[in-house]
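What follows is a single structure, written as structure tokens, with notes after it.
The values are calculated or read from the model by the stated rules, or taken from the named source; none is laboratory data. Predicted model only: the values in this text are computed from it and were never measured. Cβ atoms come from the backbone with ideal geometry, glycine included; neighbour counts cover every protein chain shown. Quick note on the areas: whole protein, heavy atoms, side chains included, nothing else; ligands and nucleic acids left out. Shrake-Rupley method; radii C 1.70, N 1.55, O 1.52, S 1.80 Å.
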Amino acid sequence: MRKYPDDIFTEPDNVDPDTLANLGPLRPLAGVWTSNAGVDIHLAGHGANTQAFVERLELQPIDPQTNGPQLLYGLRYHQRMVKPGEVETYHDQIGYWLWEPATGAIVQTLAIPRAQVALAIGEAKPDDTEFELVAKRGETVNGIASGPFLEHAFKTIHYRIKVTVHADGRWSYDETTLLQVKGRAEPFEHTDTATLVKIAEPTPNPAARKAASA
């Protein structure tokens, strides 16, 4: 349990409005990215199936967020994947990447349009180029919630994402979602991996733009 002050209402003074300058290890992720060589390994019938995908991932800075004394800087993201040569969405995901400078906590909130949400948590130092976040079934802090059908047929037990920032400016993710699939004795590891190349710089958050023009 992290130690927080007894005063849970008073917000911090003199908050720097420039989110891009305060994202710690998340700073290299800001921007618009693409990958033409993603790999998804999922269950199809009675065996694993490997599917290539093309991805566009946008991460834009939001204004600083406070929960009383807690201060968070973050990126709002939208991730969309298609199969090579196709238009129909293969996977769509939205959420936030958040950084808490005071504790070194990294949080990913995610939602997918198949009636599932999750909140994954990890820790890092401001200049770390690798970090890992985890969400677990049944947890009330870093937990996973699914709709009735997914809970019945494809029960998510555990989610892990590892991020690696490369010296050339690219970054990669390696995800594993552990599923208990109806009719199978052993859990199945659903994995997704990709290395992303930047195609556009991030847009500074509104408060930072206002401060810069003052």
Got a number for the accessible area of ARG160? Probe 1.4 Å, square angstrom, nearest 10.
-> 50 Å²
Under a cut-off of 17 Å between alpha-carbon atoms, report the aspartates and glutamates in cross-link reach of LYS125, not counting same-chain residues fewer than 8 places apart.
-> GLU100
Per the 1.4 Å probe, what fraction of the accessible area of the chain, in percent, lies on carbon and sulfur atoms?
-> 54 percent
So if we plug the beta-carbon distance of ASN36 and GLU151 into 1/(1 + (r/R0)^6) with R0 = 35 Å, what FRET efficiency do we get, rounded to 0.05?
-> 0.55
Residues VAL181 and ARG76, FRET efficiency given R0 of 22 Å [Cβ-Cβ distance, rounded to 0.05] = 0.10
For the chain, size of Cβ-based charge dipole, Lys and Arg +1, Asp and Glu -1, in debye = 500 debye
P(r), alpha carbons of region 138-186 - 10 Å bins starting at zero, rounded % = 22, 37, 25, 14, 2
How would you order 47-56, 114-123 from highest to lowest mean count of nearby Cβ atoms within 10 Å?
-> 114-123, 47-56
Using a 1.4 Å probe, what is the accessible area per residue for the chain, in Å²?
-> 55 Å²
Once the Cβ-Cβ distance between GLU88 and ARG209 is put in as r, and R0 is 25 Å, what FRET efficiency do you end up with, to the nearest 0.05?
-> 0.10
How far apart, in nm, are the 7 Å Cα→Cβ label points at GLU130 and ASN49?
-> 3.3 nm
For Cα extents along the principal axes in Å, the listed values are (i) 64, 37, 32; (ii) 59, 41, 28; (iii) 45, 34, 32; which was obtained by calculation from the structure presented?
-> (ii)
Assign unit charges at the C-beta atoms only (+1 for Lys and Arg, -1 for Asp and Glu), then state the dipole size of region 110-214 relative to its Cα centre in Debye, rounded to the nearest 20.
-> 420 debye
In whole percents, the bins of 5 Å from zero upward hold the Cα-Cα pairs of region 89-162 as 4, 15, 24, 24, 17, 9, 5, 2, 0
Normalising by the residue count of the chain, find the relative contact order in percent from Cα pairs under 8 Å and 6+ residues apart.
-> 21 percent
Which percent of Cα-Cα pairs in region 47-108 sits in each 5 Å bin, short to long?
-> 4, 16, 20, 16, 12, 12, 9, 7, 5, 1
Identify, among GLY104, MET81, PHE9, the residue whose Cα sits farthest towards the positive end of the charge dipole of the chain, taking +1 on the Cβ of Lys and Arg and -1 on the Cβ of Asp and Glu, with the dipole about the Cα centre.
-> MET81
Using a 1.4 angstrom probe with every protein chain in place, what is the largest-first accessible-area order of HIS166, HIS46?
-> HIS46, HIS166
Flagged as over-length at 23 Å C-alpha distance, from LYS3/LYS155; LYS136/LYS162; LYS3/LYS210, the pairs are LYS3/LYS155; LYS3/LYS210
Before rounding to the nearest 500, sum -39500 (n - 2.57) across all DSSP H runs of length at least 4 in the chain and divide by the residue total; then give [θ] at 222 nm in deg cm²/dmol.
-> -1500 deg cm²/dmol
